[in-house]
Amino acid sequence: MKDPFVLQVNDLHIHFTADGHSVPVVRGLSYTLATGRVLAVVGESGSGKTVHALSLLGLLPPAAHVEKGEILYKGKNLLTMPENQLRTIRGRKISMIFQDPSASLNPVLTIGEQLIETLRAHRPLPPKEARKEAVQLLEQVGITQADKRLDEYPFQFSGGMCQRVMIAMALALSPDILIADEPTTALDVTIQAQIIQLIKQLQGKNGMAVIFITHNLALASQVADEVLVMYGGLCMEQAPVDELFNHPKHPYTRGLLASLVSVDAERPDRLPAIGGTPPVAGECGCGCPFAPRCSYAEAKCSHQLPPLLAQVNHRVRCWPEELP
Ligand SMILES: Nc1ncnc2c1ncn2[C@@H]1O[C@H](COP(=O)(O)OP(=O)(O)OP(=O)(O)O)[C@@H](O)[C@H]1O
Ligand SMILES: [Mg+2]
């Protein structure tokens, strides 16, 4: 039977090693991603969103390692797969775009050289064919006069245009999964909306699954089918987008939603304030990392990790008696 999930993350634990200490930064993350679906991973700075995404691509920095868990791509565990098989999947079937597009492009090569190199690295295309495909890709991401613009350098492109190029690069390999890590944070608000729309449109057209990483719950609601809220390396809540917005259960999610109305129009990339500060990795102790900021916290919350309760398609990490 065909696996309905293009990606399945099971009990993923990632640690950083610093000064001889092993610090957990992702703690038992599990989720499934079905073909053609969009999962938004939302959370404050330091919650483990990027580190988790890098592990999917095998791009963890040297100080980090997967301590435990499984990352199944179409049912096969990427963490135990031989290197030659991995190369056909990571970066190709699973692609990623980052927050700062200009940092991902090589300033001394033209856009065309970079796009064509990406295309030819994975398929033996004659130069003319490759250029034709590169033009089509730029057109697909809404860049006009694509043939001419292929010969320009990154500095001749605006931030929004560079992000379109990065999306074109990611699409060049027809990935099954596109990971977009804060893809619009470096862009101004109008351009943000255009890029979000573009990702959504290409996702529908190409049937890709998308993991959309953001600080911004409002942005997540525009693209996602499903939202996973992370805090202190843990999944705090996960549900289909309508369910999460209409029936948020975790005090943290409820705080985020309640403060959405006060989003700073100038900096919509930042989450509005919830009292207190996010935890520092390694200093979460054994209790709920949100306890110090939670107005419902009881004594047990600070020394016992609440369970991740599952109700049909809605998961929440809290004590059953505390939930609405
Ligand atoms: N190179 C590194 N060395 C040590 N610790 C790191 C390193 N990179 C990240 N971390 C730690 O891992 C944790 C998770 O970081 P991560 O970058 O995944 O957070 P994030 O949710 O993506 O945050 P942001 O919203 O700021 O991008 C943080 O506590 C961070 O301090
Ligand atoms: Mg990040």
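Details
- When Gly142 is tested against (1) under 26 Å from Phe5 (Cα atoms); (2) among the small types (Gly, Ala, Ser); (3) not in a helix (DSSP H, G or I), just one condition goes unmet, and that condition is (1).
- Members of region 1-48 that are of a type outside the set (Gly, Ala, Ser), in a loop (DSSP other than H, G, I, E, B) and either surrounded by fewer than 18 Cβ atoms within 10 Å (Cβ to Cβ) or within 16 Å of ligand 2 (Cβ to nearest atom) (or both): Met1, Lys2, Asp3, Pro4, Asp19, Thr35, Glu44
- Close contacts from region 39-55, counting a first residue that is assigned by TED's automatic domain parsing to the domain that holds His13 and touching a residue at least 40 places away in the same chain (Cβ under 8 Å) and a second that is near ligand 1 (Cβ under 8 Å from one of its atoms) and part of a loop (DSSP other than H, G, I, E, B), with Cβ to Cβ under 6 Å and a gap of 6+ residues or different chains, come to Gly48/Gly233; Lys49/Gly43.
- Condition met for Pro292 (not in a helix (DSSP H, G or I) and not aromatic (Phe, Trp, Tyr)): no
- Residues located in region 303-319, provided they are charged (D, E, K, R) and within 11 Å of Cys288 (Cβ to Cβ): Arg317
- The criterion of being among the polar types (S, T, N, Q) and closer than 19 Å to Asn206 by Cα holds for Ser95.
- Complete set of residues in region 224-251 that are closer than 20 Å to Gln201 by Cα and surrounded by 20 or more Cβ atoms within 10 Å (Cβ to Cβ): Ala224, Glu226, Val227
- Of the candidates Ala180, Ala186, the single residue that is touching a Gly at 6+ places or on another chain (Cβ under 7 Å), within 26 Å of Gly112 (Cα to Cα) and not in a helix (DSSP H, G or I) is Ala186.
- Counting the residues of region 83-117 that are within 16 Å of ligand 1 (Cβ to nearest atom), loosely packed, with under 14 Cβ neighbours inside 10 Å and not hydrophobic (A, V, I, L, M, F, W, C) gives 0.
- Qualifying residue in region 54-61 (condition: more than 15 Å from Gln8 (Cβ to Cβ), surrounded by fewer than 20 Cβ atoms within 10 Å (Cβ to Cβ), within 13 Å of ligand 1 (Cβ to nearest atom) and over 16 Å from the mean Cα position of the chain (by Cα)): yes
- Matching residues in region 265-317 - criterion: being polar (S, T, N, Q) and either more than 16 Å from ligand 1 (Cβ to nearest atom) or at pLDDT 95 or above (or both): Ser295, Ser302, Gln304, Gln311, Asn313
- Residue match in region 19-36 (condition: acidic (Asp, Glu), at pLDDT below 95, on the phi < 0 side of the Ramachandran plot and assigned by TED's automatic domain parsing to the domain that holds Asp181): no
- Any hit, region 231-238, residues being of a type in the set (D, E, K, R) and part of a strand (DSSP E or B): yes
- Only one entry in Gly75, Gly142 is at positive phi and not assigned by TED's automatic domain parsing to the domain that holds Leu56, namely Gly142.
The values are calculated or read from the model by the stated rules, or taken from the named source; none is laboratory data. Only a predicted model underlies this, so the values are computations on that prediction, with no experimental measurement involved. FYI the Cβ positions are ideal-geometry reconstructions off the backbone, even for glycines, and counts take in every protein chain you see.
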